[in-house]
Amino acid sequence: MRIDIVSIAPKIFQGPFYNYIVKRAINKGLVNINVHDLREYGIGKRKKVDDYPYGGGSGMVIKIEPVYKCFSKLSEKINYDEIIFMTPDGMLFSQKYAEYLTYKKNIIILCGHYKGIDQRIRDNLISKEISIGNYVLSGGELAAAVVIESVVRLLPGAIKNKESIITDSFQKKYVIAPPIYTRPRIYKGWKVPKILFSGHHKKIKNWLQKKSVPFIQQK
Ligand code: 6GU
């Protein structure tokens, strides 16, 4: 899978992909993440990427030319399956949509900023708009990092078998994994539930199932 991120704040992405699962997926060649600075496609000497809104109002608006130029350059070599715009008024992101994205070969993720972007970008250059929740961030970068981590960890080979055993069967049913414990059995008087030492595999399984929480929202 190849992911091209287009952003006016590319430095934000120096951190989030160095957690061990995403990093390992990159090192294994399961995913290729490229960050593109929109400013490199800016207009004129000053590499302008934003401008005042027509009709007045406060805040700046991302211009269409730099985005078009950047997408065109990327599309010269690659056919994109999905061109996503990160925006708080997009479709609410879900585990199901993360799974859907794992089947895509090449995607672009455009991060919004400021007051917004020229509507013609959204109308003509974007195939999907995604939000990660009902609150507003200044930019789409952190939201994009959230989407990417949730997708990359699902790519076959990203998570070692051992690590996924506990959550795999639960994930299929769209439930959050039950509470888990490790040694010691008692710490400061806080005990691990007895059932987990019972050796009754069926009882343990039932208990785990009872303790796992269903996802409330699925699209
Ligand atoms: Cl994708 N972008 C911004 N700016 N804010 C958000 C968001 C995205 N998702 C939730 N809030």
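The values are calculated or read from the model by the stated rules, or taken from the named source; none is laboratory data. Note that the coordinates shown come from a computational prediction; the quantities given were computed from them, not determined experimentally. Methodologically, a virtual Cβ is constructed for each residue, glycine included, from the backbone with ideal geometry; neighbour enumeration extends over all protein chains shown. Keep in mind that these areas ignore ligands, DNA and RNA; they rest on the heavy atoms of the full protein, side chains included. Shrake-Rupley method; radii C 1.70, N 1.55, O 1.52, S 1.80 Å.
Within region 121-134, residues that are under 20 Å from Val146 (Cβ atoms) have Cβ atoms under 6 Å from residues that are assigned to a loop (DSSP other than H, G, I, E, B) and open to solvent by less than 50 Å² (accessible area, probe 1.4 Å) in these pairs: Ile130/Phe93; Ile132/Phe93, counting only partners at least 6 apart in sequence or on another chain. In region 117-135, the condition of being open to solvent by 10 Å² or more (accessible area, probe 1.4 Å), assigned to a strand (DSSP E or B) and small (Gly, Ala, Ser) is met by no residue.
As a summary of the residue check, Pro53 satisfies the conditions (1) assigned to a loop (DSSP other than H, G, I, E, B); (2) away from the ligand (no atom under 16 Å from the Cβ); (3) exposed (fewer than 13 other Cβ atoms within 10 Å of the Cβ) except for the one numbered (3). For region 1-21, a residue qualifies if it is of a type in the set (Val, Ile, Thr) and modelled with pLDDT under 95, and exactly one does: Ile21.
A quick yes/no check of all residues on (1) within 12 Å of the ligand (Cβ to nearest atom); (2) hydroxyl-bearing (Ser, Thr, Tyr):
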position	(1), (2)
Ile83	no, no
Thr87	yes, yes
Leu92	yes, no
Ile108	no, no
Arg120	no, no
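Please specify each residue of region 95-116 satisfying the condition of being part of a helix (DSSP H, G or I) and open to solvent by 10 Å² or more (accessible area, probe 1.4 Å). If the condition is that a residue be part of a helix (DSSP H, G or I) and open to solvent by 10 Å² or more (accessible area, probe 1.4 Å), then Gln95, Lys96, Tyr97, Glu99, Tyr100, Thr102 are the ones that fit.
Is region 87-97 home to any residue that is more than 19 Å from Gly140 (Cβ to Cβ) and out of contact with any Pro (no Cβ under 6 Å at 6 or more places or on another chain)? Among the residues of region 87-97, at least one is more than 19 Å from Gly140 (Cβ to Cβ) and out of contact with any Pro (no Cβ under 6 Å at 6 or more places or on another chain), which makes the answer yes. Take the residues in region 1-50 that are open to solvent by 90 Å² or more (accessible area, probe 1.4 Å) and not basic (Lys, Arg), then tell me which one is nearest to Asp118 (Cα to Cα). Per the stated criteria, the residue is Glu40. Tallying residues that are over 24 Å from Ile78 (Cβ atoms) and either within 11 Å of the ligand (Cβ to nearest atom) or of a type in the set (Asp, Glu) (or both) within region 122-160 yields 10.
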